[in-house]
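The values are calculated or read from the model by the stated rules, or taken from the named source; none is laboratory data. Since the model is a prediction, treat every value here as computed from it, not as a measurement. Because the Cβ atoms are built from the backbone with ideal geometry, glycine has one as well, and the counts that use them run over all protein chains shown.
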Amino acid sequence: MRKIETQMIQAIQNDERWSSANTTVIPGWEGTSDVYLHGNKIVTIGEDWMQLFDGGRQSKTTKSRLNALLSAFGNGEYVFQKNFQWFINYQGSPIPFFDGMRLN
């Protein structure tokens, strides 16, 4: 995991506003946090759920940030790419990634 991703996770855990380079964490209402990459929202994290976005770009950096967040706050899910299409490994099965998908 990259240093910036570790700092991003710490900011979410501490309910702090944080920004470094191309990544920003903004605490929201009722314990939620939004994470932005290049100004585009890539995730909203709640107490026991996550809503994932690709920020308009399915880039390696976006996938890396999402996987760091899923590793820290998810239940074993991860994003991967096959034949230029994104999938999420959800409960051991690949499902197509779509912008705005919510995981509980």
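Here are the numbers for this structure:
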{"item": "Matching option when the condition is at pLDDT 95 or above, more than 16 Å from I4 (Cα to Cα) and among the charged types (D, E, K, R), among R65, R17, R102, R57", "result": "R102"}
{"item": "Positions within the stretch 1-31 being polar (S, T, N, Q), more than 13 Å from the chain's Cα centre (by Cα) and either outside any helix (DSSP H, G or I) or more than 22 Å from S59 (Cα to Cα) (or both), in sequence order", "result": "Q10, Q13, N14, S19, S20, N22"}
{"item": "Cross-chain or 6+ apart pairs with Cβ under 9 Å, the stretch 9-36 first and on the phi < 0 side of the Ramachandran plot and in contact (Cβ under 8 Å) with a residue 60 or more places away in the chain, then aromatic (F, W, Y) and in a strand (DSSP E or B)", "result": "I12/W18"}
{"item": "Condition check for I45: surrounded by 12 or more Cβ atoms within 10 Å (Cβ to Cβ), closer than 25 Å to F98 by Cβ, in contact (Cβ under 8 Å) with a residue 24 or more places away in the chain and not small (G, A, S)", "result": "yes"}
{"item": "Every residue from the stretch 48-61 that is in contact (Cβ under 8 Å) with a residue 40 or more places away in the chain, surrounded by fewer than 18 Cβ atoms within 10 Å (Cβ to Cβ), within 13 Å of the chain's Cα centre (by Cα) and not in a strand (DSSP E or B)", "result": "W49"}
{"item": "Odd one out for S64 among (1) more than 23 Å from E30 (Cα to Cα); (2) part of a strand (DSSP E or B)", "result": "(2)"}
